[in-house]
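J.: Provided herewith is a single structure, encoded as structure tokens, for subsequent inquiry.
The values are calculated or read from the model by the stated rules, or taken from the named source; none is laboratory data. Bear in mind the structure is a predicted one, so any value in this text is a computation, not a measurement. Cβ coordinates were reconstructed from backbone atoms using ideal geometry, including for glycine residues, and neighbour counts include every protein chain displayed. For accessibility, only protein heavy atoms count, side chains too; no ligands or nucleic acids. Shrake-Rupley method; radii C 1.70, N 1.55, O 1.52, S 1.80 Å.
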Amino acid sequence: MPVPIPLPMAPAELVPCTRCAKCCTYVGVGINAPHSLRYATDVLWYLYHENVSVHLDGEGDWMVIFEARCKKLQDDLRCGVCENRPVVCREFDNRSCEVNAPGRGQTFTEPRQFLDWLKANRPGLHQR
């Protein structure tokens, strides 16, 4: 008899996009992981700016986050260009967003947070 393969289950209640729209309030751009002094100081430079954070996702990818509401996001949290929205929006899956799949990754909003992470995870680099 075949052994059933457990499938991941969606949360009991997904937060619908029209109740949240958090993903439409920032732009995230991939950056190099802080494996060198240069890339670690790049992270610090980002964090010295207002309305900018850095996120390390659960898969080990790093990105800089710029807080910037989409100009097409309407007051009712619906997309004003839904039929013609960009591919990045079309491919978005709210089952894996930061609201419906919390606990995946870490967000740094202050340089001290990142320096503490660096000290714990890359002590040699932190010392430099």
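J.: Do any residues in the range 58-81 that are touching a residue at least 60 places away in the same chain (Cβ under 8 Å) have Cβ atoms under 7 Å from those of residues that are loosely packed, with under 13 Cβ neighbours inside 10 Å and among the β-branched types (Val, Ile, Thr), where the two are at least six apart or on different chains, and which pairs are they?
T.: Leu77/Thr18; Arg78/Thr18
J.: Something else now. Among residues belonging to the range 62-85 that are touching a Gly at 6+ places or on another chain (Cβ under 9 Å) and assigned to a loop (DSSP other than H, G, I, E, B), point out the one that is surrounded by the fewest Cβ atoms within 10 Å (Cβ to Cβ). Quick ask: steps written out before the conclusion?
T.: Here is the first cut: in the range 62-85, the residues touching a Gly at 6+ places or on another chain (Cβ under 9 Å) are 62-66, 70-74.
Subsequent filtering for residues that are assigned to a loop (DSSP other than H, G, I, E, B) retains 70-72, 74.
Numbers: Cys70: 18, Lys71: 8, Lys72: 15, Gln74: 14.
Among residues in the range 62-85 that are touching a Gly at 6+ places or on another chain (Cβ under 9 Å) and assigned to a loop (DSSP other than H, G, I, E, B), the one surrounded by the fewest Cβ atoms within 10 Å (Cβ to Cβ) is Lys71.
J.: Same structure, new question: Hey, could you check the range 6-61 for residues that are modelled with pLDDT under 95, among the small types (Gly, Ala, Ser) and part of a loop (DSSP other than H, G, I, E, B) and say which is surrounded by the fewest Cβ atoms within 10 Å (Cβ to Cβ)?
T.: Ala12
J.: Now a separate question. Could you look through the range 86-114, keep only residues that are touching a strand residue (DSSP E or B) at 6+ places or on another chain (Cβ under 8 Å) and either of a type in the set (Asp, Glu) or outside any helix (DSSP H, G or I) (or both), and pick out the one that is modelled with the lowest pLDDT?
T.: Of everything passing the filter in the range 86-114, Gly105 is modelled with the lowest pLDDT.
J.: Of everything in the range 97-114, what is over 30 Å from Gln127 (Cα atoms) and either in contact with a Leu (Cβ under 8 Å, 6 or more places away or on another chain) or open to solvent by 70 Å² or more (accessible area, probe 1.4 Å) (or both)? Give them in sequence order.
T.: Scanning the range 97-114 gives Glu98, Asn100, Pro102.
J.: Shifting gears a bit: Filter the range 47-69 down to the residues that are of a type outside the set (A, V, I, L, M) and in contact with a Phe, Trp or Tyr (Cβ under 9 Å, 6 or more places away or on another chain) and list them by number.
T.: His49, Asn51, Ser53, His55, Trp62, Phe66, Glu67, Arg69
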